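What follows is one structure encoded as structure tokens, with my remarks underneath.
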Amino acid sequence: MPESPDPTFYRSPAAAIAAPPEQLAYVAAFDPNGGQRDAIAVVDCDDGSSSYGQVVGWAELPTAGNELHHFGWNACSSALCHQGHDHDNLERRYLIVPGIRSSRTHVLDTKPDPRQPHVIRTIEAEELAAKAGYSRPHTVHCGPGGIFMSNLGGANGDEGPGGVALIDHDTFEVTGAWETDRGDQFLAYDVWWHLNDDVAITSEWATPSMIENGLNPEDLLGRRFGHHLDFWSLSEGRLIQRIDLGDEHQMVLELRPAHDPRKTWGFACVVISVEDLSASVWLWHREDASWTATKVITIPAEPAETDQLPPALQPFGAVPPLVTDIDLSVDDRWLYVSCWGTGELKQYDVSDPHNPRETGSVRLGGIVGRTPHPAASELRLAGAPQMVEVSRDGRRVYFTNSLYASWDDIFYPDEVGAWMARIDANTETGGMTVDPQFFPHGDDFRGLRVHQTRLQGGDASSDSYCFVE
């Protein structure tokens, strides 16, 4: 164990930005049919390396059918202000990897060889259900009092309420549910916080039965998906306020709070409006003693010929952008928005978070466009920018192309495939270009689809910070 605090625990956003760049990316890979074992792929991110952009490590799990989705580190920068840790011996070392389909969570050790993580513990679905009352684990963040893991389902695996389970930082045992008073909250998805203000925020997608067999149009048109932001006392697990974004705004997903611990604002994305197929990004912020949310970005649907569309979209004659992920740079200046339907990654200057200004756009894949990557101009790409991860210094943006297996097949019925790309970002004036050398795809991932990415040493969406200087 280390004799001093982990050097990847950064005291402030500025310290994280100044730290050495990532050398590796860890990528969730899964077989949608449940035949092959799921895995964590390790990709070389060092552009001076002879194996740059290649899969250089592979950690196969002992089981199949998990559908690896989101995952996270056991410890991170906010550990510097958590109570109850041996700060000298805690380190960013283990990956907590839930399976959203199986409700099974694997813990992987990235040492001694970071290119060959290996499983050291499995949290079975039965333990999660018995100790916390949840299933279908989703998002992982290291936090005060334990590792926070959000879950979509209740113990029965279908309906909710969904919520947050706590996992011990050291033993990786489930210690219980985080909530003590959930009020009217029922649906769940993401969880994040403003540490210095003792406030947590959660978002809402659906119950497992609404998503696992694909998208039911009746659920969408019936406005049954989540459309709230929920605000909590972080230390007490008690709901303090709910904000209804309007039931036309279906599926409130990713939460990206400001990294500067003095700021009490953040962004949330909404996948689709049932009124016009647009997608949106909302700013939450505090006004006096309460919280409010304002729509600050609207991205319209794009018209398309019927024969260009999958059956599910043909009645509408348009491609919805389907904003399924957003990511905020560590300096809180650049917001990246993935449009999984249209195949676009957008960049916004959010120096004034109330008035985002679009500064860049690239296209790869897309339901209609199928825009190829520069490295393979003959390959019409399926899928599109989906899970987005920004390097600590903000200069590199990584993304993968799969959303969720049963939904992939609805919007990309001819097979979504598997690929990963890197964007080089201008952090001075804005703008983006596709890196022509970074394109692991297809057989590189051994026939598996790919979802979330985590960067060695931390990244823009996995750390919260305690200090400013």
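Rule-based calculations on the coordinates, nothing more; no lab input. All of these numbers come straight from a predicted model, not from anything done at the bench. Methodologically, a virtual Cβ is constructed for each residue, glycine included, from the backbone with ideal geometry; neighbour enumeration extends over all protein chains shown.
Would you calculate the separation in nanometres between label points at Asn33 and Thr294, each defined as 7 Å from the Cα along the Cα-to-beta-carbon direction?
For Asn33 paired with Thr294, the spin-label model returns 5.1 nm.
Each residue of the stretch 311-320 in order: what ³J(HN,Hα) in whole Hz does its phi give by Karplus 6.51 cos²θ - 1.76 cosθ + 1.60, θ = phi - 60°, with x for Gly and Pro?
So the Karplus estimates, Gly and Pro as x, are x, 5, 9, 4, x, 9, x, 7, 9, x Hz.
Less than 13 Å from a label point 7 Å out along the Cα-to-Cβ axis of Arg380: which backbone N atoms in the stretch 265-308 qualify, by residue?
Inside the label zone: 307-308.
Efficiency by 1/(1 + (r/R0)^6): what FRET value for Ile410 and Glu469, r their Cβ-Cβ distance, R0 = 45 Å, to the nearest 0.05? Write out the running numbers ahead of the final one.
Details: r = 49 Å, r/R0 = 1.08.
My answer for the efficiency is 0.40.
Treat the count of other C-beta atoms within 10 Å as a stand-in for reagent exposure and order Phe399, Phe9 from fewest to most.
Least to most surrounded, the residues fall as Phe9, Phe399.
Is any residue of the stretch 47-85 close enough, with backbone N under 14 Å, to a label point placed 7 angstrom from the Cα of Asp170 along the Cα-Cβ axis, and if so, which?
Hits in the stretch 47-85 for Asp170 at 14 Å: 83-85.
Please tell me the relative contact order of the stretch 13-455 in percent, rounded to the nearest whole number, where contacts are Cα pairs under 8 Å and at least six residues apart. Provide the component values of the computation, followed by the final result.
Working: 1268 pairs, mean separation 52.0, N = 443.
This gives 12 percent for the stretch 13-455.
Pop out the ³J(HN,Hα) list for the stretch 107-124 in order, Karplus 6.51 cos²θ - 1.76 cosθ + 1.60 with θ = phi - 60°, rounded to Hz; leave Gly and Pro as x.
After applying 6.51 cos²θ - 1.76 cosθ + 1.60, I find 10, 10, 8, 8, 10, x, 10, x, 7, 9, x, 9, 6, 10, 7, 10, 8, 6 Hz.
So, in Å, what gap is there between the alpha-carbon centers of the stretch 106-148 and the stretch 268-314?
Using only Cα atoms, the two centres lie 32 Å from each other.
Using alpha carbons only, how many angstrom separate the centre of the stretch 210-265 from the centre of the stretch 418-469?
Their Cα centres are 25 Å away from one another.
Rank the residues Glu179, Glu159 as a footprinting-exposure proxy: fewest other Cβ atoms within 10 Å of their Cβ go first. Before the final figure, lay out the partial values.
On the way: Glu179 22, Glu159 16.
Final ranking by Cβ density, sparse to dense: Glu159, Glu179.
Using each residue's phi in the stretch 328-341, evaluate 6.51 cos²θ - 1.76 cosθ + 1.60 at θ = phi - 60° and report the 3J(HN,Hα) Karplus result to the nearest Hz, with x for Gly and Pro.
Karplus values, whole Hz, x for Gly and Pro: 10, 4, 4, 7, 6, 9, 10, 10, 10, 10, 8, 10, 5, x.
Would you please give the FRET efficiency between His285 and Ser361, computed as 1/(1 + (r/R0)^6) with r the Cβ-Cβ distance and R0 = 22 Å, to the nearest 0.05?
Numbers: r = 26 Å, r/R0 = 1.19.
The calculated FRET efficiency here is 0.25.
Along the Cα-to-C-beta direction of Thr306, a point sits 7 Å from the Cα; which residues of the stretch 204-242 have their amide N less than 20 Å from that point?
217
Could you tell me which of Leu108, Pro137, Ile40 has its Cα farthest along the dipole of the stretch 1-138 towards the positive end, charges placed at Cβ (Lys, Arg +1; Asp, Glu -1), taken about the Cα centre?
Working it through, the farthest residue towards the positive pole turns out to be Pro137.
Please list, ordered by chain and number, the residues whose modelled amide H lies under 5 Å from the amide H of Gly266; skip anything fewer than 5 residues away on the same chain.
Long-range HN contacts for Gly266: Ala258, Trp284.
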